[in-house]
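To start, the structure itself, in structure tokens.
The values are calculated or read from the model by the stated rules, or taken from the named source; none is laboratory data. Since the model is a prediction, treat every value here as computed from it, not as a measurement. Using ideal geometry, Cβ is built from the backbone for each residue, glycine included, and neighbour counts are taken over all protein chains shown. Heads up: the accessible areas ignore ligands, DNA and RNA and are worked out on the full protein's heavy atoms, side chains in. Shrake-Rupley method; radii C 1.70, N 1.55, O 1.52, S 1.80 Å.
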Amino acid sequence: MISGRQFFSAINALGGIACILIGIFLDQIEPIFVSQPPGSDSFVLIQAHWIAIGLFSLIVSASKSTSQFWVSLLFFSLMLNGWLGGKALLVGDPKFSWVLAFPVLSFLNLFQLLAQNGASKDANEIQDDGAEKAVNEPLIPADFYELKSLSPAAAVTGVMHIGIVVALQIVLLVLFFFYGALMVRVIFEGADIDFARIPDVLGGVFWKILYIPVIIILVYSIFFLIQIVIERIAVGSGSAAGEDVNRSLSIQERTFIEKSLQSIDDYISDASFPASYSWLYWSAVLGLIAWFLALPVLVFWLEAEFFNAVEVSGIPEESVISSFGPGFIGGVAFSFLFASTAYWAVFQWLGKRHQRFGEYLHMRCGWNSMNGEPRPLQSYAKIFTRFVRKRRYDPDQQIDPQQFIREAYDEFSGFIYKASVLLGIAAVIFTALDVNWRRIVHTDGLHYSPYFDWRSYDLTLDEIVRVELRCFLFDGDDDEERVPGVGYDAVFSNSMRGYLLEGELNDDLLSKVEAIDAKLRSQGVPVSKAEHAGAVILRGINGYWPDCEERVLPKLDADIRSRVGALLDAAP
């Protein structure tokens with residue numbers, strides 16, 4: 001008889017093999033629409049994505065590892081592929097329906113991984129696990145009996161540790177958004193990329209955001225310094241707070257801990273729970289993942305569907321040349337975080353209201369930890385020692401193991417509820433900032449609203465200091481398949497840019513740009529050919545190609561070719 005776990009392993013293995021084969025033979029599979037020609041960097045990137053998902057599926061189906069790194073990696077994979085799947089749904093074009101396979105397979109991978117060592121373990125297995133770990137790890141770590149004082153050296157070490165962790169997280173976050181945005185451009189917009197430019201682009205991005213971990217390190221440094229001052233004052237005054245934090249455990253307390261842990265171990269080993277708890281827990285896991293993906297997609301859809309930059313600005317639509325907005329990134333990112341903590345808080349509340357279910361979550365499912373597996377006795381030893389240090393138990397009295405488990409479950413409830421509220425507020429604020437962000441070029445100048453500034457600003461045509469012209473081809477490596485791209489970028493005195501040749505090059509747009517161009521040239525505003533597009537890896541946005549007239553302009557429609565050519569006529 002095949003178990004549910006074996007069934008999911010087989011499905012994942014078959015899916016992984018299928019993905020790898022699709023990646024290898026992608027150029028021969030007609031139902032999968034890829035606009036780039038085989039052999040191009042963009043095509044290779046899509047192939048690599050298929051193969052990577054297949055490898056993940058094979059590894060998950062063959063491995064029983066539930067390490068934090070592996071769980072985090074699959075969570076990131078699900079977020080990324082959920083982003084691509086959500087984009088495919090928003091686009092609504094059937095030719096991109098194959099993209100939906102990515103989030104489905106990522107979901108199956110993460111589901112199986114979380115189920116590896118979940119609620120299916122019985123009490124004997126849990127007890128054996130605890131006994132096995134006890135051989136290699138002391139039940140009571142020695143440092144739990146030592147003086148817990150925060151020294152300046154420890155503060156400096158803590159600050160450096162936090163700085164390194166934050167820097168690594170920022171690096172991973174940048175790579176995540178960079179890769180996600182790149183895949184969106186490659187799959188849905190047919191962009192052609194150049195792998196050789198990636199190191200330079202990422203290097204430029206990382207230098208621009210280097211100030212973020214520096215600021216965080218400074219904030220935590222101040223926090224640690226304040227904590228040291230408070231600690232010294234508390235110790236000097238002999239207050240109860242100082243004694244609780246800065247003291248070694250007495251012999252009586254150590255004996256009390258060791259005896260109490262035996263009764264806790266007996267209670268954990270003998271505990272049994274209704275089978276319905278397992279289904280309820282996994283519904284929480286699946287619901288969390290679904291909500292985790294659905295809410296950001298909903299925020300993205302709401303911003304795209306109900307926000308119109310031109311309407312918000314009050315600029316007459318007939319005078320608009322190009323418009324950008326909303327921002328999307330902040331609202332979507334914080335809705336990811338809020339979605340996870342909000343669903344977590346709901347089940348935290350359920351476990352507190354129905355305390356037997358809370359015990360099940362804490363003992364059998366590793367609730368409020370990253371492991372997702374039954375808690376070993378060593379974990380409860382650390383929690384109980386922490387409670388004794390805080391004088392929550394009297395060593396002269398006997399403890400109730402069930403009450404201790406429930407208190408351990410409830411230890412972080414306040415943090416979870418507060419985090420949910422704060423992240424919910426942050427999601428609303430950043431969604432509002434997204435909606436507020438806009439940049440509109442019109443016949444009288446530029447109207448824009450910076451992301452972190454609720455005010456709007458207007459620049460007139462008289463404030464344009466130079467014009468940069470762009471002329472290039474993009475999409476595909478075959479010159480016959482390439483699409484012309486042109487740009488007329490007005491650079492204002494405060495370095496803001498207005499992109500005039502955006503969107504469809506029709507008679508109305510060209511008439512507006514021609515009028516502005518005539519005015520600027522009559523005023524002597526410098527007009528030059530752009531050398532490059534800055535920190536982008538899209539090969540098509542390279543500035544002004546030397547052979548623009550021979551390769552690019554002939555690809556434009558005949559009725560606009562000469563007019564665009566006149567606009568792109570730059571001074572030598």
Check your understanding: With every protein chain kept in the model, how would you rank 21, 45, 58, 422 by accessible area, 1.4 Å probe, largest at the top?
Key -> 422, 21, 58, 45
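Could you work out the per residue convex hull volume over the alpha carbons of region 29-109, in cubic angstrom?
It is 99 Å³ per residue.
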Exercise for review: Would you mind working out the magnitude of the charge dipole of region 319-453 relative to its Cα centre, with +1 at each Lys and Arg C-beta and -1 at each Asp and Glu C-beta, to the nearest 20 Debye?
Suggested key: 380
Point to revise | Per residue, in Å², the accessible surface of region 249-317 once ligands and nucleic acids are set aside, probe 1.4 Å | key: 55
Practice item. Kindly report, to the nearest 10 Å², the accessible surface of residue 354 as traced by a 1.4 Å probe over protein heavy atoms only. Key: 100
Study note, to complete from the structure: Using a 1.4 Å probe on heavy atoms of the protein chains only, the accessible area for residue 251 in Å², nearest 10, reads 120
Review point. With all protein chains present, how much of the accessible area of region 321-432 (probe radius 1.4 Å) comes from carbon and sulfur, to the nearest whole percent?
Key: 62
Revision key, fill the gap. Per-residue accessible area, 1.4 Å probe, largest first, puts 364, 563 in the order 563, 364
Review point. Using modelled backbone amide H atoms (1.01 Å from N, in-plane), which distant-in-sequence or interchain residues come within less than 5 Å of residue 471's amide H?
Key: 487, 543, 544, 545
Review point. If you bin every alpha carbon distance in region 1-55 into 5 Å steps from zero, what whole percent lands in each bin?
Key: 4, 20, 24, 19, 12, 8, 7, 4, 2, 0
Point to revise | Dimensions in Å of region 333-436 - Rg and Dmax from alpha carbons | key: 16.8, 61
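Sorted by average packing, counted as other Cβ atoms within 10 angstrom per residue and highest first, what order do 105-113, 517-525 take?
Result, highest mean first: 105-113, 517-525.
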